[in-house]
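Written below as structure tokens is the structure these notes are about.
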Amino acid sequence: MKYMLLIWNRPGFVEALTEQERNEIFGAVDEIMKELTASGELVGGQALADPSQTRTVRLAGDRAEITDGPFLESKEQFAGYLTVDCDSPERAAEIAAGWPDVRRGLGVLEVRPVMGDGGTEM
Amino acid sequence: MSGPGAVEELLRGLAPQVLGILVRRHGQFHACEDAVQEALLAAATRWPAEGVPEHPRGWLLTVAGRRLTDEWRSERARREREVAVAVREPAYAALAPPPDEVAPADDDTLRLLFLCCHPALNRPAQVALTLRAVGGLSTAEIARAHLLPEPTMSQRIRRAKQRIEAAGARFTLPAPAERDERLRAVRQVLYLIFNEGYTASSGPDLHRTELTAEAIRLTRELHRLLPDDGEVTGLLALMLLTDAHRPARTGPAGELVPLAEQDRGRWDRAAIAEGVALVTEALTWSAPGPYQVQAAIAAVHAEAPSAAETDWPQVVALYGVLAAVAPSPIVDLNRAVAVAMVDGPEAGLALLAPLAGDERTAGHHRLAAVRGHLLELAGDRPAARAAYLAAARGTTSVAERRYLELRAARAGGDR
């Protein structure tokens, strides 16, 4: 079963960290990615640029209107994701619980099942 | 014997034989399995163009053996460890076997199945390794069938082989005390492979349906090796009877068609006849296990000319047996549907009540879907619609969500 782990955190939080803290965080991310690669659970993932680089597109009247800035006006912003294929929802949540943003209280992870193409007739 | 399809079929049959011979001769399951994969890939490229060699198994053994020798030589150069070489030298001499070597291939296939379903591995790892080591599928094919990137699958297989080695697993048949448990795991892995393919056959991805054929092929092989195992017979029958619906289970737009609405004229009659014969025969001498009983239920459906003419009391009775030999809330759920067909929807709904309090099923979309169906039969359309919508929100299958949303819309009146 595939799960997408959506990482939400406060933009710019890194600026307030010491160099050692940053190194620890990047090291922890490397460690997790290595482990998920070795176990054959990692499907993919991407980090996103700072929300200030976002453009939001919506319908205004009869045409698409493009504005600068993110869609949600919230303190936490969507910062990136990883997709894993694992045994159980518990395992997916366990991976999320180990992510440094969660461990250090810097952000939250949402764990969402990915829809599959199969199905059982009922 | 010609064409890539025939070559592929030949290779898949030979894969476990060649691997078995190598592992028996050299140990080192991990290295031997890699070597066999490379030999299979070489054959898949060369045989269709150059023709199948006179002794295909000997050819594969030679190529895989050479690959192993190369591997060990480079390892030796790297480590310069004389002791290891001294131990392995006799192994080189034994390579290049006589092409007509008669091997106890049957036992090897069994040993491989047991090894791939080793308890040190989780289910996804058992599935991947079984498909590769016993099924002879390439990592790329397995990855495609699971809609995963090839590196992910490749790592999963490598990790599985490391785990097996670390667990000290031997290439032998398990001791009698462990055998039943291990055989249970083998059957579950084969059924899982079948279902991965079967449930996917509605989607746009046809690669996955190959898993269904592969699961039937491997189970047929297991049944040939263990004809006295009633549950293996039952599993084969269940697969055949389920797969027989395939031509009728999806509509023109790939949408799911429920059993009751399927065009039974499109069911695969040959598969049904074989499945019915297998399960009928097995039940005469074997204690009824869960696969046999499920196959018997499938056989009752298969023999009914229409949903209305189904022998529902017989289905209810069989679900009662199934609940006794393998109790599970999903069985109770299916039984409730059958009871509703005999005693009316209210009787079925009454059976659902305890399931809503069971944490294994309370939030499960199938419970909501069945509730919707029974409420609709009972004429409570608003409640049916709400249940269908809850089920649609609960499923992670695109096809099921479409189907359940459609049922909700119909129950709501906009037909």
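The values are calculated or read from the model by the stated rules, or taken from the named source; none is laboratory data. Since we're looking at a predicted model, the values are computed, not measured. All Cβ positions, even for glycine, are placed from backbone atoms using ideal geometry, and neighbour counts span all protein chains on display. Protein only, heavy atoms only, side chains kept; ligands, DNA and RNA dropped before computing areas. Shrake-Rupley method; radii C 1.70, N 1.55, O 1.52, S 1.80 Å.
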The lone exception for residue B:337 - which of (1) more than 14 Å from chain A (Cβ to nearest Cβ); (2) open to solvent by 20 Å² or more (accessible area, probe 1.4 Å); (3) of a type outside the set (Ser, Thr, Tyr); (4) not in a loop (DSSP other than H, G, I, E, B) it fails: (1)
Subset of the stretch A:61-88 (residues that are assigned to a strand (DSSP E or B) and either modelled with pLDDT under 95 or not aliphatic (A, V, I, L, M) (or both)): A:63, A:65, A:67, A:68, A:77, A:78, A:80, A:81, A:83, A:85
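Please count how many residues of the stretch A:90-112 are open to solvent by less than 70 Å² (accessible area, probe 1.4 Å), of a type outside the set (Asp, Glu) and not in a loop (DSSP other than H, G, I, E, B). Write out each step before concluding.
Looking only at the stretch A:90-112, we keep the residues that are open to solvent by less than 70 Å² (accessible area, probe 1.4 Å), and these are A:91-93, A:95-102, A:105-107, A:109, A:111.
With the extra rule that they be of a type outside the set (Asp, Glu), the set shrinks to A:91-93, A:95-100, A:102, A:105-107, A:109, A:111.
Keeping just the survivors that are not in a loop (DSSP other than H, G, I, E, B) gives A:91-93, A:95-98, A:100, A:102, A:107, A:109, A:111.
Residues meeting the conditions: 12.
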Among the residues listed as A:80, A:118, the single one being in contact (Cβ under 8 Å) with a residue 40 or more places away in the chain and not polar (S, T, N, Q): A:80
Filter result for residue B:211 (out of contact with any Gly (no Cβ under 6 Å at 6 or more places or on another chain), open to solvent by less than 20 Å² (accessible area, probe 1.4 Å), under 30 Å from residue B:255 (Cα atoms) and in contact (Cβ under 8 Å) with a residue 60 or more places away in the chain): no
Where a residue in the stretch B:145-159 is more than 7 Å from every other protein chain (Cβ to nearest Cβ) and its partner, wherever it lies, is open to solvent by 20 Å² or more (accessible area, probe 1.4 Å), with Cβ under 6 Å and at least six apart: B:145/B:207; B:145/B:208; B:150/B:140; B:157/B:132
Residue among B:282, B:270 that alone is of a type outside the set (S, T, N, Q), in a helix (DSSP H, G or I) and surrounded by fewer than 22 Cβ atoms within 10 Å (Cβ to Cβ): B:270
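In this structure, does residue B:326 turn out to be within 29 Å of residue B:243 (Cα to Cα), touching a Pro at 6+ places or on another chain (Cβ under 8 Å) and without any contact (Cβ under 8 Å) to a residue 60 or more places away in the chain?
yes
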Residue list for the stretch A:46-60, filter: in contact with a strand residue (DSSP E or B) (Cβ under 6 Å, 6 or more places away or on another chain) and either on the phi > 0 side of the Ramachandran plot or part of a helix (DSSP H, G or I) (or both): A:51
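Among the candidates B:251, B:275, B:265, single out the residue that is buried (at least 22 other Cβ atoms within 10 Å of the Cβ) and within 24 Å of residue B:305 (Cβ to Cβ).
Working: B:251 fails: buried (at least 22 other Cβ atoms within 10 Å of the Cβ); B:265 fails: buried (at least 22 other Cβ atoms within 10 Å of the Cβ).
Only one candidate passes the filter, namely B:275.
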Candidates B:131, B:112, B:183, B:192 - the one that is aliphatic (A, V, I, L, M), open to solvent by 40 Å² or more (accessible area, probe 1.4 Å), modelled with pLDDT of 90 or more and part of a helix (DSSP H, G or I): B:192
Single condition residue A:116 does not satisfy, out of (1) within 14 Å of chain B (Cβ to nearest Cβ); (2) open to solvent by 70 Å² or more (accessible area, probe 1.4 Å); (3) out of contact with any Phe, Trp or Tyr (no Cβ under 9 Å at 6 or more places or on another chain): (2)
The stretch A:67-103, residues that are among the charged types (D, E, K, R) and over 10 Å from residue A:9 (Cβ atoms): A:68, A:73, A:85, A:87, A:90, A:91, A:94, A:103
Residue among B:351, B:367 that is more than 14 Å from chain A (Cβ to nearest Cβ) and at pLDDT 90 or above: B:351
Unmet requirement for residue B:360, which otherwise passes all of (1) modelled with pLDDT under 95; (2) away from chain A (no Cβ under 14 Å): (2)
